[in-house]
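Undergrad: Next up is a structure, given as C-alpha cells.
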Amino acid sequence: MNTSQSQVLPEPAKDLFGRPLRSLRVSVTDRCNLRCQYCMPEEEYVWLPRETLLTFKEIVFLTELFSEQGVDRVRITGGEPLLRKDLASLIGMLQKNTRIKDIAMTTNGVLLAEHAQNLFDAGLHRITVSLDTLKPERFKALTRRDTLAQVFEGIESVGRVGFSGLKLDTVAMKGYNDDELIPLIEYGKRVNGEVRFIEYMDVGGANDWSADKVLSRKEILTMLAQYYGPIEPVAEISSAPAQRFRLPDGATVGIIPSTTMPFCSTCDRSRLTADGMWLLCLYAKSGLDLRKPIRDRRSREDLVSMIQSVWETRRDRGAEERKELETSTGRGRFIDIDRLRQDPHLEMHARGG
Ligand code: SAM
Ligand code: SF4
Ligand code: SF4
C-alpha cells in the first residue's frame, strides 16, 4: 500500500444532489458492552466474523483514499469502539493524514476513563459520549448493564486529560427519559459538555420504535423554554446534524431532529462498517464491499474510481423517505427481523449511528 499523499486539498466528490463527500464514520467493531433497547435490544446477534474485520492498516489506507475524494472529518464509532484492542494506535496512524482536520469518537463511555489519556496523546481531537439518563436504575433497565458509574468516570476523565469540545448525546424518548432533559443539561454544564438530544430513529433493529415514543424537536424546545425562558437558535453555517440553541445563561444545547425534520439535503456523511462495507446512508439496505478489492490487491486507481463513481451516483435520502411514508403507507417496521438476522450490516450497531 502506498501511503504517500500530496498536500493539495482535493475538490470533494459530489453526489447527484450536489452533496460533497466530507465526513466518514468508521465503525471499528460491531460488538458492544451495553444492550441499549433502541439499538441492540437482543443479547446475542449474528456478529461479523473476526477475520473479516478491517485491520488498522486497511482502515488507514481506505481513509486515505476517502480523504483524496474530499473527506476531512473522521468519526470512530461502533458497536462500542473502545472494545477494539489498542484503538489509540489507530488514532495515531490516522492523525498522520494531514487532510483529515478532525478525528472524533462516539463512545458509550464505559471504558473511557482507562483509555482517555492514551487517546488524547495519540491525537484524537474530540469525544462524544452517549448518555441517556443520570439514574442508575434507569440506565440498567435501558442497557441491561449496571455501569452508569463507569460512564460518569469516563465523562469526567475527558476534560481532565486535556480534551475540549465534549458532547453528550442523548436519545430523547417519551415515557423513558423525557423528565431528564433539564438535569442532563445541568450535568453537561458541570462537566463542560454540550448536550445534544437525538430524536429516536426507526433504524436497524430498533424494533421497539414507534412514533409515539419520539420526543420531537418541537416538544424538546417547548420543554426547555418552559424551564429556562427564551431560547435562541445559534446562527451558524454547518453541515453538522445538530441544530444548536442558546439558553438565557449562555449555555448551548443541540437537537438532532432526524425523525421529524430530516436533514438529508445537506448530508455529507457516509459510513464504513468494521468489515469494510461502505454505506452511503444510515438507512442504506446495501453498500459497496471495499474489503474484498483491497484484499484482492486491486490497484489504488481502481479503488479510487469505485469510490468516486459510487458517490457520484448517490441519491440516498433515507430519513426523508421514511418521513414521507407517514403520509402514504405509514411508517411500519424498517427491516423485518428475519432479514436483520441474515445480514448483520443492517443493524445500527454495525453501521455506527
Ligand atoms: N456505542 C457507541 C455509543 O453508544 O456512543 C457508538 C455507537 S452508537 C450506534 C452511536 C449513536 O447512535 C449513539 O449515540 C446512540 O445513542 C445512537 N443511536 C443508536 N440507536 C439509535 C436510535 N434508534 N435512534 C437514535 N439514535 C440511536
Ligand atoms: Fe448502546 Fe452504542 Fe452499544 Fe448501540 S452500540 S447498544 S447505542 S452503547
Ligand atoms: Fe444522510 Fe441518510 Fe441520514 Fe439522510 S438519512 S441525513 S442521507 S445518512
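Undergrad: Only one of these is closer than 18 Å to PRO136 by Cβ and of a type outside the set (A, V, I, L, M): ARG160, ARG196, ARG217, ARG190. Name it.
TA: Values: ARG160 fails: closer than 18 Å to PRO136 by Cβ; ARG196 fails: closer than 18 Å to PRO136 by Cβ; ARG217 fails: closer than 18 Å to PRO136 by Cβ.
The match here is ARG190.
Undergrad: Turning to a different aspect of this structure: Determine whether the range 261-270 contains at least one residue that is of a type in the set (Val, Ile, Thr), within 27 Å of THR222 (Cβ to Cβ) and within 15 Å of ligand 3 (Cβ to nearest atom). Step through it out loud before you land on a result.
TA: First, pick out the residues of the range 261-270 that are of a type in the set (Val, Ile, Thr): 266.
Next, from what is left, pick out any that are within 27 Å of THR222 (Cβ to Cβ): 266.
The next check asks that each one be within 15 Å of ligand 3 (Cβ to nearest atom); those that pass are 266.
Yes, some residue in the range 261-270 is of a type in the set (Val, Ile, Thr), within 27 Å of THR222 (Cβ to Cβ) and within 15 Å of ligand 3 (Cβ to nearest atom).
Undergrad: Now a separate question. Pick out the one residue from GLY78, GLY109, GLY92 that is more than 13 Å from ligand 2 (Cβ to nearest atom) and at pLDDT 95 or above. Before the answer, list the steps.
TA: Values: GLY78 fails: more than 13 Å from ligand 2 (Cβ to nearest atom); GLY109 fails: more than 13 Å from ligand 2 (Cβ to nearest atom).
Going through GLY78, GLY109, GLY92 in turn, the sole match is GLY92.
Undergrad: Looking at the range 59-70, is at least one residue away from ligand 1 (no atom under 12 Å from the Cβ), of a type in the set (Ser, Thr, Tyr) and over 30 Å from GLU11 (Cβ atoms)? Talk me through it step by step, then tell me what you get.
TA: Going through the range 59-70, the residues away from ligand 1 (no atom under 12 Å from the Cβ) turn out to be 59-70.
If we keep only those that are of a type in the set (Ser, Thr, Tyr) too, we end up with 63, 67.
Retained after the next criterion (residues that are over 30 Å from GLU11 (Cβ atoms)): none.
No, the conditions are met nowhere in the range 59-70.
Undergrad: Related question: For ASP338, state whether it is assigned to a loop (DSSP other than H, G, I, E, B) and either more than 16 Å from GLU199 (Cα to Cα) or modelled with pLDDT of 95 or more (or both). Quick ask: steps written out before the conclusion?
TA: Details: assigned to a loop (DSSP other than H, G, I, E, B): no; either more than 16 Å from GLU199 (Cα to Cα) or modelled with pLDDT of 95 or more (or both): yes.
No; evaluated as a whole, the condition is false for this residue.
Undergrad: Could I ask something else about it? Scan the range 299-353 for residues that are among the β-branched types (Val, Ile, Thr) and more than 13 Å from LYS285 (Cα to Cα) and jot them down.
TA: VAL304, ILE307, VAL310, THR313, THR327, THR329, ILE337
Undergrad: What tally of residues in the range 301-324 results from selecting those that are more than 16 Å from ligand 3 (Cβ to nearest atom) and in contact with a Leu (Cβ under 7 Å, 6 or more places away or on another chain)? Don't jump to the end; show me each part of the working.
TA: Start the filter on the range 301-324 by keeping residues that are more than 16 Å from ligand 3 (Cβ to nearest atom), which leaves 301-309.
Still in the running and in contact with a Leu (Cβ under 7 Å, 6 or more places away or on another chain): 303-304, 306-307.
Looking only at that region, the number is 4.
Undergrad: Now for a different question. Take the residues in the range 234-264 that are over 18 Å from the mean Cα position of the chain (by Cα) and closer than 21 Å to PRO20 by Cβ; name whichever of them is surrounded by the most Cβ atoms within 10 Å (Cβ to Cβ).
TA: It comes out as GLU236.
Every residue, every condition in (1) under 28 Å from ARG19 (Cα atoms); (2) in a loop (DSSP other than H, G, I, E, B), yes or no:
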residue: ARG31; (1), (2): no, yes
residue: CYS36; (1), (2): no, yes
residue: GLU44; (1), (2): no, yes
residue: LEU48; (1), (2): no, yes
residue: GLU64; (1), (2): yes, no
residue: SER67; (1), (2): yes, no
residue: GLY70; (1), (2): yes, yes
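Undergrad: Considering only the range 160-168, I want to know if a residue exists there that is touching a residue at least 40 places away in the same chain (Cβ under 8 Å), within 14 Å of ligand 2 (Cβ to nearest atom) and within 17 Å of PRO41 (Cβ to Cβ). Please lay out each step first, then the result.
TA: Pass one, the range 160-168, residues touching a residue at least 40 places away in the same chain (Cβ under 8 Å): 160-163, 165-168.
Imposing the further condition that a residue be within 14 Å of ligand 2 (Cβ to nearest atom) reduces the set to 168.
This time we only want the ones that are within 17 Å of PRO41 (Cβ to Cβ), so: none.
So far as the range 160-168 goes, no, none of its residues is touching a residue at least 40 places away in the same chain (Cβ under 8 Å), within 14 Å of ligand 2 (Cβ to nearest atom) and within 17 Å of PRO41 (Cβ to Cβ).
Undergrad: Additional query: Go through VAL60, VAL74, VAL28 for me and flag whichever is free of Cβ contacts under 8 Å to residues at least 60 places away in the same chain and under 16 Å from THR107 (Cβ atoms).
TA: VAL74
Undergrad: Taking strands (runs of 3 or more DSSP E) that do not extend beyond the range 202-289, which have at least 3 residues that are more than 16 Å from ligand 1 (Cβ to nearest atom) and either modelled with pLDDT under 95 or not polar (S, T, N, Q) (or both)? Please lay out each step first, then the result.
TA: Working: elements: 243-246, 252-256, 269-272, 277-279.
Filter on the range 202-289 gives 243-246.
Undergrad: Moving to a separate point now. Could you give every pair whose Cβ atoms fall below 9 Å, whose first residue belongs to the range 308-331 and is surrounded by fewer than 17 Cβ atoms within 10 Å (Cβ to Cβ), and whose second residue is aromatic (Phe, Trp, Tyr) and modelled with pLDDT of 90 or more, counting only separations of at least 6 or pairs across chains?
TA: Here the result reads ARG315/PHE17; GLU320/PHE263; GLU321/TYR283, each pair linking the range 308-331 to a residue that is aromatic (Phe, Trp, Tyr) and modelled with pLDDT of 90 or more.
Undergrad: Anything in the range 117-133 that is surrounded by 17 or more Cβ atoms within 10 Å (Cβ to Cβ) and either more than 19 Å from the chain's Cα centre (by Cα) or at positive phi (or both)? List them, or say none.
TA: Of everything in the range 117-133, those that are surrounded by 17 or more Cβ atoms within 10 Å (Cβ to Cβ) and either more than 19 Å from the chain's Cα centre (by Cα) or at positive phi (or both) turn out to be PHE120, ALA122.
Undergrad: Moving on. If a residue has to be outside any strand (DSSP E or B) and under 20 Å from TYR228 (Cβ atoms) to count, how many in the range 171-201 make the cut? Spell out the reasoning first.
TA: Of the residues in the range 171-201, the ones outside any strand (DSSP E or B) are 174-193, 200-201.
Going one step further and asking which of them are under 20 Å from TYR228 (Cβ atoms), we end up with 177-193.
Total meeting the criteria: 17.
The values are calculated or read from the model by the stated rules, or taken from the named source; none is laboratory data. Just so we're clear, the structure is a prediction, and the values are computed from it rather than from any experiment. Positions of Cβ are generated from backbone atoms using ideal geometry, with glycine treated the same way; all protein chains shown enter the neighbour counts.
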